[in-house]
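Here's the structure we're looking at; comments come further down.
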Amino acid sequence: MSGNKYLLDTNIIVYALKGLADVRPYFDSKPFISVVTEIEVLGVKDLSDREIKIRETAIEFCSTVAINTKIKLRAIELKRTVKMAIPDAIIAATAIEEELTLVTADKGFKRINELSLELLEW
C-alpha cells in the first residue's frame, strides 16, 4: 500500500464510520476524497450533532479534491459512455484525472478500464 495515493469512495467512509470496514491502512498517508463524497457523508438528513461531529472529524483526515474543468469533462465523458450516476462519474473522473487509486466496494466501477481500482469486499 505504501507509495500509492488513494481516493476513498463514499461507501468506504460510511462503512468505516459504522465499524464495518477497517480502512486504517489507507490512512497511513492522507487519503483523498471527492467533494461529492464530502457532500454525501455530511449531507445525510436527521443526523444528530454528535453524528455530524464524528463525520466532520473523519473528513478532516482526508484531503478533499474539488471539481475542476478536467474532472468535469472526464465525468461528462464517463456519464455518456459508461452510463453511470453523476456522483459516481465525478468520483471516477477525480481518481483518473488526479492519478489516484479509487478504493471502493462498488463493483460498478470495474467497467471503467482507465481507472486504477482497489475493490474491497466484506
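Looking across region 1-28, the residues that are closer than 12 Å to THR101 by Cβ and surrounded by fewer than 17 Cβ atoms within 10 Å (Cβ to Cβ) come down to MET1, GLY3, ASN4, LYS5.
Evaluating THR101 against the criteria (1) of a type in the set (Ser, Thr, Tyr); (2) touching an Asp or Glu at 6+ places or on another chain (Cβ under 9 Å); (3) surrounded by fewer than 16 Cβ atoms within 10 Å (Cβ to Cβ) leaves one unmet condition, (3). The residues of region 73-89 that are surrounded by 13 or more Cβ atoms within 10 Å (Cβ to Cβ) and not acidic (Asp, Glu), listed by number, are ARG74, ALA75, ILE76, LEU78, LYS79, VAL82, MET84, PRO87, ALA89.
Applying the condition of being among the β-branched types (Val, Ile, Thr), in a helix (DSSP H, G or I) and in contact (Cβ under 8 Å) with a residue 12 or more places away in the chain to region 1-53 and asking which residue is farthest from SER116 (Cα to Cα) yields VAL41. Which of the residues spanning region 86-104 are of a type in the set (D, E, K, R), more than 14 Å from THR69 (Cα to Cα) and touching a Leu at 6+ places or on another chain (Cβ under 9 Å)? Across region 86-104, the qualifying residue is only ASP88.
Take region 61-72 and flag every residue that is surrounded by fewer than 17 Cβ atoms within 10 Å (Cβ to Cβ), modelled with pLDDT of 95 or more and within 22 Å of PHE27 (Cα to Cα). Residues satisfying the conditions are SER63, THR64, ALA66. Within region 54-66, if we keep just the residues that are outside any strand (DSSP E or B) and in contact (Cβ under 8 Å) with a residue 12 or more places away in the chain, the residue that is farthest from ALA89 (Cα to Cα) turns out to be ILE54. Among residues of region 73-97 that are in contact (Cβ under 8 Å) with a residue 60 or more places away in the chain, those with a Cβ under 8 angstrom from a residue that is of a type outside the set (S, T, N, Q) and in a helix (DSSP H, G or I), sequence gap 6+ or separate chain, pair up as PRO87/VAL36; PRO87/GLU40; ILE91/VAL36; THR94/VAL36; THR94/ILE71.
The values are calculated or read from the model by the stated rules, or taken from the named source; none is laboratory data. From a predicted model like this one, the values you see are computed outputs, not experimental measurements. All Cβ positions, glycine included, derive from the backbone under ideal geometry; neighbour counts span all protein chains shown.
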